[in-house]
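The values are calculated or read from the model by the stated rules, or taken from the named source; none is laboratory data. Please read these numbers as outputs of a predicted model, since none were measured by experiment. For neighbour counting, all protein chains shown are included, and Cβ atoms are generated from backbone atoms with ideal geometry for every residue, glycine included.
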Amino acid sequence: MVCDGKVPWDPTTAPSSSARLTLPVVHRGYYELRWSLPLQNGRDALKGSVSLAVVADPRHRRYYPDSPLALDAGFSWFYTTPERLQTAAKVARAAGLSCLRDRLSWGATEPERGRFDWGWYRKAADAQRGVGITVYQVFHDSPLWATSAPPNTRDRHSYPPTNPDDAYRYFRKAAAEFKDSTKFWEIWNEPDIFFFAGRPEEYAAVLKAAYLGCKEGNPNCEVLLGSLAMQAGPWMERVFENGACDYFDLFNMHYYGPVDGVLERIAANKALLEQFHCHKPIWLTEMGVPAHRAPDGTFTQSERDQAVYLVKAYANALSHGVDRFFFFYMAEFLEYASSLWGIVRSDLTPKPAYAALAAMTETLGEARFVGQLDLGDPDARGYLFRNGGRYVMVAWSNAPKGVSLPASRALTLTDVMGVASQQPSRRGQVAVDLSPVPVYVSGLPAAIAKQAHDPAPWPKRRPRPAPATADPVWISLAFVQDRPKPDVDQVLAERNAFVARGESQLVAVDLHNYSRQPATVQVTLSAPAGWRLVGDSATKVSAAAGQTARTTFTLRRDSPQPGGEGRVAATATAPGHRISPAVGYIKAG
């Protein structure tokens, strides 16, 4: 309790009344103001509360455009009036943020082929740009006019477009349209699960087309691989077999679960990148924890736990190779009637996690990870960050523990809400008590950096624009069906490999020429064990500038093992071009 008091009001003489309250709030942090209108019998006629956060003044604090501390916000889908957009943008900026992950719908912004309507998405991007925030945009839908879905299935938007060239044209237009506000584009949210009803070679085709479109529309933008919802497995490995590494600038992953579990997930995804010699910076664009209602009907304890989780999540991820971290989620929404997400409430007032994020951005500043410090106990974590010429440690211990840090002067201890205190030095050492709740330790001597080691080094993003890494002449592979695609449940059940139900199968290889010159390539197809090619395995294909040309091959079943998967690979060669392979897997149905 910080303070309490009474405000007199006599409704018989003043039916309406207002009063100004001066609150003795002097520290950073999270506060709740609770009020009630008591009756003479002791009961409350009315009562309520409002939450407050004291944070650094946005007018005077320093912001870092390339800060690794970011937030998944979903402005376009959650804030649907101009006033709400403006307020939400200011709330995000007051937390010290410079980059937000938003949401966009391809179907809503291109309702008919070639007719674009940016509407609300333009307003949302402008509101964020207006306060100094860079927008990072993600989508996960095909327009109904472009989808490869059959007409009578649900989730038709989750199917890939029939023609990936439509994705190229869309992202070329979108990247140019939002050049001033949107620097980052993610090509499909969580395509490794139900958000994308397609196989790896289909996603690879969308990724390649969209990447080249983005780079054509805005050479200074950067493209993220579709975020992995799960740990990398066969589906994503097969995307990489299609040469995916050349078609994104930033590797992208999600994680939900125990806060320390993210370390194993990061390591597993690094193993995928190592396997394909793809040393791209890693962004973790969704990780969070919801609040849950306690038996007393409140979210109080759960919201406190959420704030602690937030600080540990950022520290764990950034200390193990993640270049930028986006906590999930800014806006409040209830999932499955029990999980309450969001670091602000539906009225945009803060939760404890908001105050924790604001404290972190202020305390860590540019937040450049230096290394992990050995605190003398495996239960204790000490992650050292650099903020300009200053060093700040984020530390906690699974069990209460006292540690001693070398310092000839007092150190500043800042709790997760941003409340700072001084801890004196005695004989060149400062005693710090650690608990499961993290603490920031500032004022450490520069020499301490020599004691820090990076437990999981990984390449970081450079501030300058990433150069395009892919050839505008490329190929895609498709298994041709003589009937519409199956319903979404069957597609998802067969998403790793195409199921051929006949004795022969037609395979198409498309040559996409997004260059300004005609292109002729030699296309070669290899058949897997149990299948043989009918006719020649190689042919020449030509496509005019800006056009796509198709050639087909026929596979005939010899004696494939029932249920066994075989690799079908198309390669293309042409003087002056470096063309990635197109790979699909097939099995006998």
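Is it fair to say CYS278 is surrounded by 24 or more Cβ atoms within 10 Å (Cβ to Cβ) and either part of a loop (DSSP other than H, G, I, E, B) or assigned by TED's automatic domain parsing to the domain that holds GLY321 (or both)? Steps first, please.
On the way: surrounded by 24 or more Cβ atoms within 10 Å (Cβ to Cβ): no; either part of a loop (DSSP other than H, G, I, E, B) or assigned by TED's automatic domain parsing to the domain that holds GLY321 (or both): yes.
No; evaluated as a whole, the condition is false for this residue.
What are the residues in segment 476-522 that are surrounded by 20 or more Cβ atoms within 10 Å (Cβ to Cβ) and either assigned to a loop (DSSP other than H, G, I, E, B) or of a type in the set (Val, Ile, Thr) (or both), if any? First the steps, then the outcome.
Just the residues of segment 476-522 that are surrounded by 20 or more Cβ atoms within 10 Å (Cβ to Cβ), to begin with: 476-479, 491, 495, 497-498, 500, 505, 507, 509-514, 519, 521.
Within segment 476-522, VAL491, ARG495, ALA497, VAL507, VAL509, TYR514, VAL521 meet the criteria.
Can you find a residue in segment 577-589 that is out of contact with any Ser or Thr (no Cβ under 6 Å at 6 or more places or on another chain), in a strand (DSSP E or B) and among the small types (Gly, Ala, Ser)? Let's see the steps before the verdict.
Of all residues in segment 577-589, those out of contact with any Ser or Thr (no Cβ under 6 Å at 6 or more places or on another chain) come to 577-580, 583-589.
Applying the additional criterion that residues be in a strand (DSSP E or B) yields 583-588.
Now restrict to residues that are among the small types (Gly, Ala, Ser): 584, 588.
Looking through segment 577-589, at least one residue is out of contact with any Ser or Thr (no Cβ under 6 Å at 6 or more places or on another chain), in a strand (DSSP E or B) and among the small types (Gly, Ala, Ser).
Table: residues versus (1) modelled with pLDDT under 95; (2) of a type outside the set (Gly, Ala, Ser); (3) part of a strand (DSSP E or B).
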{"site": "ALA431", "(1), (2), (3)": "no, no, yes"}
{"site": "TYR440", "(1), (2), (3)": "no, yes, yes"}
{"site": "ALA456", "(1), (2), (3)": "yes, no, no"}
{"site": "PRO465", "(1), (2), (3)": "yes, yes, no"}
{"site": "TRP474", "(1), (2), (3)": "no, yes, yes"}
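Tell me the residue from ALA88, ALA108, ALA95 that is buried (at least 21 other Cβ atoms within 10 Å of the Cβ) and more than 13 Å from GLU362 (Cα to Cα), please. Before you say what the answer is, go through the steps one by one.
On the way: ALA108 fails: buried (at least 21 other Cβ atoms within 10 Å of the Cβ); ALA95 fails: more than 13 Å from GLU362 (Cα to Cα).
None of the other options fit; the residue is ALA88.
Which residues, taken from segment 527-540, are assigned to a strand (DSSP E or B), touching a Leu at 6+ places or on another chain (Cβ under 8 Å) and either of a type outside the set (A, V, I, L, M) or closer than 23 Å to TYR211 by Cα (or both)? Show your work before the answer.
Residues of segment 527-540 assigned to a strand (DSSP E or B): 531-534, 538-540.
From what's left, touching a Leu at 6+ places or on another chain (Cβ under 8 Å): 531-534, 538.
Hits for segment 527-540 are TRP531, ARG532.
Consider VAL432 against the criteria (1) hydrophobic (A, V, I, L, M, F, W, C); (2) buried (at least 16 other Cβ atoms within 10 Å of the Cβ); (3) within 29 Å of LEU272 (Cα to Cα): it satisfies all of them except one. Which criterion is unmet?
Every listed condition holds for VAL432 apart from (3).
Take the residues in segment 557-577 that are at pLDDT below 95 and among the charged types (D, E, K, R); name whichever of them is nearest to ARG495 (Cα to Cα).
GLU565
Would you be able to tell me the number of residues in segment 177-194 that are surrounded by fewer than 18 Cβ atoms within 10 Å (Cβ to Cβ) and more than 23 Å from VAL131 (Cβ to Cβ)?
The initial filter retains those residues of segment 177-194 that are surrounded by fewer than 18 Cβ atoms within 10 Å (Cβ to Cβ), namely 179-180, 193-194.
Remaining after also requiring more than 23 Å from VAL131 (Cβ to Cβ): 193-194.
The number of residues fulfilling the criteria is 2.
Take the residues of segment 1-52 that are among the polar types (S, T, N, Q) and part of a loop (DSSP other than H, G, I, E, B): which is nearest to PHE299 (Cα to Cα)? Please lay out each step first, then the result.
Restricting attention to segment 1-52, the residues satisfying the condition of being among the polar types (S, T, N, Q) are 12-13, 16-18, 22, 36, 40-41, 49, 51.
Imposing the further condition that a residue be part of a loop (DSSP other than H, G, I, E, B) reduces the set to 12-13, 16-18, 22, 40-41.
Numbers: THR12: 37, THR13: 39, SER16: 32, SER17: 32, SER18: 30, THR22: 27, GLN40: 30, ASN41: 29 Å.
Residue satisfying both the conditions and the ranking: THR22.
Could you grab me the full set of residues in segment 90-144 that are among the aromatic types (Phe, Trp, Tyr), part of a helix (DSSP H, G or I) and in contact with a Phe, Trp or Tyr (Cβ under 6 Å, 6 or more places away or on another chain)?
Going through segment 90-144, the residues among the aromatic types (Phe, Trp, Tyr) turn out to be 106, 116, 118, 120-121, 136, 139.
Filter again for part of a helix (DSSP H, G or I), leaving 106, 120-121.
Hit for segment 90-144 is TRP106, nothing else.
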